[in-house]
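Okay, so here's the structure we're looking at.
The values are calculated or read from the model by the stated rules, or taken from the named source; none is laboratory data. Model, not experiment: these values are computed from the prediction. Note that each Cβ is placed from the backbone with ideal geometry, even for glycine, and that neighbours are counted across all protein chains shown.
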Amino acid sequence: MSSMYNKPLVVITGPKKGFISRFFIKFALFLSGARSKVVTPNNPEYDIQMDALLISGGDDLYNAFIENETCQLDDIINYERDVLEYRLLHRAIEENKPVFGICRGYQLINVFFGGDLYKDIRKDGYKYKYTPFAWKDIFLKKGRLLNLLTKQKEIRINTLHHQAVKTVPKKFKVEAIDKDNIIQSISYKTKDNLIFGVQWHPEYLFFMKNHLKLFKMLVANTKE
């Protein structure tokens, strides 16, 4: 029993629902040697102890964080989640805890550090499917984190999004793009910490070693 508590604890943030994605994230983290705890807007824990932070996918970011327009009332639910994740992300950065963002979480990291988003990429001939199954090839930047991790030039991903990263914060590096030059992954690594994100949902592809490696990389960067 004691050995379980020696494993690093990864805090997973997400929506009030989203149980299927959460199950696969927790399973991927288990396979990677970590414990996990879910924190949601209806059960916020701002002071929770963590060894790493994983910001999962879900609904779009609250409009006030990405544009100068009045928000609709139904956006308030997303706002509650955004505030929770902004606060935990700020804490993780202050405490040098590694951070992994998936889909919406990846976009939130980008906006938090000053990047911009495309509001909708499903137009102008952009080839797109909404599916958890791997179907689309992306290209990994040579010599960067994902290329070194997977030892691959290309990997196949799924697509469950319509927003996407448009401009990347100054400190971050582009890790991967698709054939339309849509940015699929970014990272910021220092000697003390690692912050990275991907546009796809690797939790649904945990059985493919290159996607499970993302969770293993997060766990490997936790500190004793």
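Can you find a residue in the stretch 55-74 that is surrounded by 14 or more Cβ atoms within 10 Å (Cβ to Cβ), at pLDDT 95 or above and among the polar types (S, T, N, Q)? There is at least one residue in the stretch 55-74 that is surrounded by 14 or more Cβ atoms within 10 Å (Cβ to Cβ), at pLDDT 95 or above and among the polar types (S, T, N, Q). Total residues in the stretch 84-108 satisfying the condition of being free of Cβ contacts under 8 Å to residues at least 60 places away in the same chain and outside any helix (DSSP H, G or I): the figure is 1.
Which of the following residues is surrounded by fewer than 21 Cβ atoms within 10 Å (Cβ to Cβ), modelled with pLDDT of 90 or more, of a type outside the set (S, T, Y) and in a strand (DSSP E or B): V39, V111, V10? None of the others qualify; the one that does is V39. Of the strands (runs of 3 or more DSSP E) entirely within the stretch 116-224, those holding at least 1 residues that are touching a residue at least 24 places away in the same chain (Cβ under 8 Å), closer than 25 Å to F19 by Cβ and not β-branched (V, I, T) occupy 131-140, 154-159, 194-198. Taken as a whole, the structure places I183 among residues that are modelled with pLDDT of 95 or more and either under 24 Å from S36 (Cβ atoms) or not charged (D, E, K, R) (or both). Consider the stretch 1-58 and keep the residues that are of a type in the set (D, E, K, R) and touching a Leu at 6+ places or on another chain (Cβ under 9 Å). The one that is farthest from L84 (Cα to Cα) is R35.
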